[in-house]
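This report refers to the structure that appears directly beneath it.
The values are calculated or read from the model by the stated rules, or taken from the named source; none is laboratory data. Since the model is a prediction, treat every value here as computed from it, not as a measurement. So basically every Cβ, Gly included, is an ideal-geometry build from the backbone, and we count neighbours across all protein chains shown.
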Amino acid sequence: MGKPPLVVVMGISGVGKSAVGHELADRFSLDYADGDDFHSEANIAKMSAGTPLTDEDRWPWLADIGVWLHEHDADGGVISCSALKRAYRDVLVDAAPRTYFLHLTGDHDLIKSRMEHRDHFMPASLLESQEKTLEPLQDDENGWAFDITPSPAEIVDAFAARAGLDQEDTA
Ligand SMILES: Nc1ncnc2c1ncn2[C@@H]1O[C@H](COP(=O)(O)OP(=O)(O)OP(=O)(O)O)[C@@H](O)[C@H]1O
Ligand SMILES: [Mg+2]
């Protein structure tokens, strides 16, 4: 039996990272963190105003998420983080090489309607810029994409099957 899973739930805003991340962490009794909580006040103010973050805004945020992953290498954990570009994911993998990515993808209108029905600092207007920025997982990356039509529990089932996890892998 390997170490407990260490997973980044990634994807554009509103795709369900927090919902699926919580479900995955609960299922395997792992620590959970929300990448949103690692943003500086300046970054949150920018996003709240509908201004996309630049790479310079994102590097320190990604470094902090990398620290969290590194600290959870032994016991595993789940963190949600958009990780839109390959270069962002490489920062995380450099910090914690055994990290898996669970990429959530879905129909634009479905995501938009889900975003419009929740209370969160991310305005639905940022969706388009996030979709333009997104670089899907490449073949040599450790992870897979899952469609968000099914429930969070079903997405976790699919990920667990694909990653070869079973309930015995809990911490
Ligand atoms: N698979 C799903 N089925 C139905 N509703 C979902 C699903 N996943 C997420 N939701 C709902 O969609 C909304 C957006 O999900 P969530 O907040 O988890 O997205 P997010 O990716 O964490 O967004 P952000 O990047 O802005 O933090 C929430 O109201 C959530 O409850
Ligand atoms: Mg979230």
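List of remarks:
- Scanning the range 115-133 for residues that are at pLDDT 90 or above and out of contact with any Lys or Arg (no Cβ under 8 Å at 6 or more places or on another chain), we see that the one that is surrounded by the most Cβ atoms within 10 Å (Cβ to Cβ) is GLU131.
- Whenever a residue of the range 13-25 is in contact (Cβ under 8 Å) with a residue 12 or more places away in the chain, its partners that are near ligand 1 (Cβ under 6 Å from one of its atoms) and basic (Lys, Arg), lying with C-beta atoms within less than 7 angstrom and at least six residues away or across chains, give the pairs GLY14/ARG114.
- Taking the criterion of being more than 16 Å from ligand 2 (Cβ to nearest atom) and hydrophobic (A, V, I, L, M, F, W, C), the residues of the range 25-61 that qualify are PHE28, LEU30, ALA42, ALA45, ALA49, TRP59.
- Residue selected from the range 27-45 under the condition without any contact (Cβ under 8 Å) to a residue 40 or more places away in the chain and more than 14 Å from ligand 1 (Cβ to nearest atom), by the criterion nearest to GLY66 (Cα to Cα): SER40
- Looking only at the range 1-21, residues that are more than 7 Å from ligand 1 (Cβ to nearest atom), touching a strand residue (DSSP E or B) at 6+ places or on another chain (Cβ under 6 Å) and not aliphatic (A, V, I, L, M) come to 1 in all.
- Subset of the range 46-60 (residues that are part of a helix (DSSP H, G or I) and away from ligand 1 (no atom under 16 Å from the Cβ)): ASP55, GLU56, TRP59, PRO60
- Close contacts from the range 61-88, counting a first residue that is part of a loop (DSSP other than H, G, I, E, B) and a second that is among the polar types (S, T, N, Q), with Cβ to Cβ under 6 Å and a gap of 6+ residues or different chains, come to LEU84/THR133.
- Restricting attention to the range 155-169, the residues that are surrounded by 14 or more Cβ atoms within 10 Å (Cβ to Cβ) and either at pLDDT below 95 or within 21 Å of LYS112 (Cα to Cα) (or both) add up to 4.
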